[in-house]
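A.B. asks: Before anything else, here's the structure in question.
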Amino acid sequence: SLLYDAATNQLYVADYGNKRVLLHPAHNIVNGQGALKVLGQPDFTSSIMATTQSGFRGPRGLTKYKNHLFVSDAQGNNRVLVFDVADGITNGENAVKVIGQKDFVSNISATSQNRLSHPYGLDIDPVNGKLLVADPGHYRVMVFDIADGITNGENAVKVIGQKEFTTGVMTLSPS
């Protein structure tokens, strides 16, 4: 996944295979220069799979709301990590919040109002302050209210694709 941040002229790149997110200044991309910062790893040469406050198992989706970068960590961590990027980032920086788990070291997949299963795509409704998380392991999209802040393991406010939060079955609609 890619995320271009027009406000800062930066490009975030989810590097799934190397378990990291790279930050490029967008004006340097055409000059072929490498990334300037890395999230998920302590440096540019590491590729460690982790379930920690600063590590990923498989980052996929990226989105940004206000001063927060949201990264879906799909490969077995079943969560979205939230980074404060107001003052830029430092290599291997810790996330400030986690969605889909109660803490930074849990990776439980469960069909509930506050758990995820292999979250991939992310999007933001900036007008209403909602985070939309594609949760394909449960055949649904979860909607989180982030307008007034984020708490670890917070409950979704809506579910799309299922009748309730505790249902996660594939259904076929009539054609």
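A.B. asks: Could you list all residues from region 127-158 that are open to solvent by 30 Å² or more (accessible area, probe 1.4 Å) and closer than 12 Å to residue 113 by Cα?
C.D. replies: Across region 127-158, the qualifying residues are 141, 155, 157, 158.
A.B. asks: Evaluate the following for residue 51: is it closer than 26 Å to residue 24 by Cα, hydroxyl-bearing (Ser, Thr, Tyr), open to solvent by less than 40 Å² (accessible area, probe 1.4 Å) and outside any strand (DSSP E or B)?
C.D. replies: It is true that residue 51 is closer than 26 Å to residue 24 by Cα, hydroxyl-bearing (Ser, Thr, Tyr), open to solvent by less than 40 Å² (accessible area, probe 1.4 Å) and outside any strand (DSSP E or B).
A.B. asks: Name the residues in region 107-163 that are part of a strand (DSSP E or B) and among the acidic types (Asp, Glu), would you? It would help to see each step written out before you state the result.
C.D. replies: Start the filter on region 107-163 by keeping residues that are part of a strand (DSSP E or B), which leaves 122-125, 130-135, 140-145, 158-160.
Correct list: 123, 125, 135, 145.
A.B. asks: Residues being assigned to a loop (DSSP other than H, G, I, E, B) and open to solvent by 70 Å² or more (accessible area, probe 1.4 Å): count how many of those fall in region 1-47.
C.D. replies: Within region 1-47, the subset assigned to a loop (DSSP other than H, G, I, E, B) is 1, 6-9, 19, 32-36, 41-47.
Now restrict to residues that are open to solvent by 70 Å² or more (accessible area, probe 1.4 Å): 1, 6-7, 33, 36, 42, 44-45.
Of the residues in region 1-47, 8 are assigned to a loop (DSSP other than H, G, I, E, B) and open to solvent by 70 Å² or more (accessible area, probe 1.4 Å).
A.B. asks: Go through (1) farther than 25 Å from residue 35 by Cβ; (2) assigned to a loop (DSSP other than H, G, I, E, B) and name the single condition residue 95 misses.
C.D. replies: (1)
A.B. asks: Among the residues of region 80-121, which ones are buried (at least 20 other Cβ atoms within 10 Å of the Cβ), among the aliphatic types (A, V, I, L, M) and more than 13 Å from residue 140 (Cβ to Cβ)?
C.D. replies: Scanning region 80-121 gives 80, 81, 82, 85, 95, 98, 99.
A.B. asks: Quick check: anything in region 12-26 more than 25 Å from residue 134 (Cβ to Cβ) and free of Cβ contacts under 8 Å to residues at least 60 places away in the same chain? Break it down into steps so the answer makes sense when it comes.
C.D. replies: At the first step, the residues of region 12-26 found to be more than 25 Å from residue 134 (Cβ to Cβ) are 25-26.
Then keep just the ones that are free of Cβ contacts under 8 Å to residues at least 60 places away in the same chain; that gives 25-26.
So far as region 12-26 goes, yes, one or more of its residues are more than 25 Å from residue 134 (Cβ to Cβ) and free of Cβ contacts under 8 Å to residues at least 60 places away in the same chain.
Okay, residues lined up against (1) in contact with a strand residue (DSSP E or B) (Cβ under 8 Å, 6 or more places away or on another chain); (2) hydrophobic (A, V, I, L, M, F, W, C):
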| site | (1), (2) |
| --- | --- |
| 80 | yes, yes |
| 91 | yes, no |
| 103 | no, no |
| 109 | no, no |
| 120 | yes, no |
| 127 | no, yes |
| 133 | yes, yes |
| 144 | yes, yes |
| 149 | no, no |
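A.B. asks: I've got another one for you. Check whether at least one residue in region 59-67 is over 27 Å from residue 144 (Cα atoms) and open to solvent by less than 20 Å² (accessible area, probe 1.4 Å), and report yes or no. Let's see the steps before the verdict.
C.D. replies: Of region 59-67, the ones over 27 Å from residue 144 (Cα atoms) are none.
Checked region 59-67: no residue is over 27 Å from residue 144 (Cα atoms) and open to solvent by less than 20 Å² (accessible area, probe 1.4 Å).
The values are calculated or read from the model by the stated rules, or taken from the named source; none is laboratory data. All values derive from a computational prediction rather than experimental measurement. As a convention, Cβ positions derive from the backbone with ideal geometry for all residues, glycine included, and neighbour counts pool all protein chains shown. Heads up: the accessible areas ignore ligands, DNA and RNA and are worked out on the full protein's heavy atoms, side chains in. Shrake-Rupley method; radii C 1.70, N 1.55, O 1.52, S 1.80 Å.
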